[in-house]
Amino acid sequence: IYFSLLAFITFSLSLGCKDEQSEKVTSNPEVSGLYQEKHRPQFHFTPEAKWMNDPNGMYYYKGKYHLFYQFYPDSTVWGPMHWGHAESKDMINWEHLPIALYPDSLGLIFSGGAVVDLNNTSGFGTKENPPIVATFTHHNMAGEKAKTNDFQTQSIAYSLDEGTEWTKYEQNPVIPNTEKIKDFRDPKVVWHEKSQKWILVLAAYDKVKLYASPNLIDWNFLSDFGIEGDTRLWECPDLFPIKVEGSDEEKWALIVSIQKDAPNGGTATSYFIGDFDGKEFKSDVKDQKWLDWGADNYAFVTWNNIPENDGRILGIGWMSNWQYALIVPTEKWRSAMTLPRELQLVKTELDYSLLSIPAQETQSLRKDSVSLDPFKVEGKHVLEGSFSPSQFEIVMNIDLKETTAQSFGIELKNGLGENLVITFDRAEEKLYVDRTNSSTNKFSEAFFSKKHSAPLSLKDDILKIQLFVDASSLELFLNDGELNFTDIFFPTEKFDTVSLFANDGNLNISDTNMYSLNGIWNIEKK
Ligand code: FRU
């Protein structure tokens, strides 16, 4: 995949991203029209300009959530990776900061994590001023060209000023690639209270490798975790403890992004639930589950150092898919992050499930709200009110007992007839998201080739729908996170109509709240 990606990038660069490369960006939105561009998300994180992929190095410190990300500041397609940096008090309103990590003689700076080393185990700081320690992959281009196979190694860097300035450790790499594994990357660290050690997970082609360290510098290999017979490429692992909702039972979750054959094509984020004894991660289930059923939530990882009294597990994902990320039709920048999400673990009769719900901070986006009395839809019903159909949230309860329609849903549409249709199909027990007609600009075959779907039982009395729509994305949360679905889209003109529809019968809606949402980029707030 890497080779084809690199070949593609070289091809795109030679096709002429020159203008983009020489373009200068002014950060004053009023002057530059920045954040007003076509398709620009209004309440999701995007870089001011140029290429972004995975979220990296996320930690919370002194009241701020830090977000680093895979960044190529010279072009809108993937290229030599840096770590871009932004911070936020609420994971919603972001301030861009200078680039944190630049490529160096050991290589490009690929994905990884960061922790606040509160007890100064690394010795890079003091207990009074603890260091932030980032773990990342050095990707050596010369080694890759020479086919040495050991061109990805793990390195560290530290910051003594909360994350602005970074110093790379002089004796990098801290984990060399002795086994010569071509895909050997994305180290993320968590503190393991019981063994009083740092635990690092990284992706090694089709499995995850676990290491332990007392000081974030000296790492010992612990074990491998994989699925027998699985030969897909794994990336961006994240291992962390999580309590079962409403109980004291603690399990461990391992999130892994998978580069192939996701439920709706291409790449997606999956997870395993299991136990970790300080040495091995063992999962109760042989197969993984999908964290998000949509096509566009990749490399989802969680924040470290969330205070214990907060108790939440919070994370964010890259809202794209490697099948088409490089060619989506945005001009100044490429890609956005998902909304911040809280993960909750629930125990079912046979199993455990990781639910994703929008972090409660997303409620601060709400501007005007309209509550509707219970109503029935037969045929089509256009939702009207003081909200923009390309920037809103709707929370709605469907009374399935009183609903006679076999299928029903929500349609976003513009005057050109381009549309995106979300359908709940009771007979098929499926959710469909159809973006095949969402634009006449068919920039990628994979993007438009088929309707997306997810299994969904529609037998329960109430179906709770929470839907966020931004200029070029939708995030759908059903039944408080039981199923979530993230898809992006690029209509020629913004969607300007939202309607509900019911096929062969009626749709009974018991409760509806519609919200217009604030933009987050210096655009005046009410
Ligand atoms: C995932 C990924 C990582 C890698 C990074 C490079 O999207 O392929 O495995 O570190 O992107 O940008």
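Report yes if ILE99 is within 15 Å of the ligand (Cβ to nearest atom), assigned to a strand (DSSP E or B) and surrounded by fewer than 22 Cβ atoms within 10 Å (Cβ to Cβ), otherwise no. When the stated conditions are applied, ILE99 passes them. Any residue at all in the stretch 184-205 that's within 16 Å of the ligand (Cβ to nearest atom), part of a strand (DSSP E or B), in contact (Cβ under 8 Å) with a residue 24 or more places away in the chain and over 24 Å from the mean Cα position of the chain (by Cα)? No, there is no match, as no residue in the stretch 184-205 is within 16 Å of the ligand (Cβ to nearest atom), part of a strand (DSSP E or B), in contact (Cβ under 8 Å) with a residue 24 or more places away in the chain and over 24 Å from the mean Cα position of the chain (by Cα). TYR158 meets each of the listed conditions (1) within 16 Å of the ligand (Cβ to nearest atom); (2) open to solvent by 20 Å² or more (accessible area, probe 1.4 Å); (3) of a type outside the set (Lys, Arg) apart from (1).
Look through PHE300, PHE276, PHE272 and report the one residue that is under 24 Å from ASP183 (Cβ atoms), open to solvent by 10 Å² or more (accessible area, probe 1.4 Å) and in contact with a strand residue (DSSP E or B) (Cβ under 7 Å, 6 or more places away or on another chain). Just a single option satisfies the conditions, and that option is PHE276. Annotation: SER320 fulfils all but one of (1) over 17 Å from ASP470 (Cβ atoms); (2) within 16 Å of the ligand (Cβ to nearest atom); (3) not in a strand (DSSP E or B); the unmet one is (1). Within the stretch 130-151, the set of residues being in contact with a Pro (Cβ under 9 Å, 6 or more places away or on another chain) and either open to solvent by less than 10 Å² (accessible area, probe 1.4 Å) or small (Gly, Ala, Ser) (or both) comprises THR135, PHE136, THR137, HIS138, HIS139. Consider the stretch 257-269 and keep the residues that are out of contact with any helix residue (DSSP H, G or I) (no Cβ under 8 Å at 6 or more places or on another chain) and in a loop (DSSP other than H, G, I, E, B). The one that is surrounded by the fewest Cβ atoms within 10 Å (Cβ to Cβ) is ASP261. Filter the stretch 102-129 down to the residues that are hydrophobic (A, V, I, L, M, F, W, C) and farther than 17 Å from HIS82 by Cβ, then identify the one that is surrounded by the most Cβ atoms within 10 Å (Cβ to Cβ). Looking at the filtered set, the residue picked out is VAL115.
Listed by position, the strands (runs of 3 or more DSSP E) enclosed by the stretch 340-387 that each have at least 1 residues that are among the aliphatic types (A, V, I, L, M), open to solvent by less than 50 Å² (accessible area, probe 1.4 Å) and under 25 Å from GLU250 (Cβ atoms) are 341-347, 352-358. Quick check: is even one residue across the stretch 237-256 part of a loop (DSSP other than H, G, I, E, B), away from the ligand (no atom under 16 Å from the Cβ), surrounded by 14 or more Cβ atoms within 10 Å (Cβ to Cβ) and among the aromatic types (Phe, Trp, Tyr)? Within the stretch 237-256, not a single residue is part of a loop (DSSP other than H, G, I, E, B), away from the ligand (no atom under 16 Å from the Cβ), surrounded by 14 or more Cβ atoms within 10 Å (Cβ to Cβ) and among the aromatic types (Phe, Trp, Tyr).
The values are calculated or read from the model by the stated rules, or taken from the named source; none is laboratory data. Here the structure is a predicted model, which is why all the values come from computation and not from measurement. As a convention, Cβ positions derive from the backbone with ideal geometry for all residues, glycine included, and neighbour counts pool all protein chains shown. Each accessible area value is taken on the protein alone, full model and side chains, heavy atoms only, with ligands, DNA and RNA left out. Shrake-Rupley method; radii C 1.70, N 1.55, O 1.52, S 1.80 Å.
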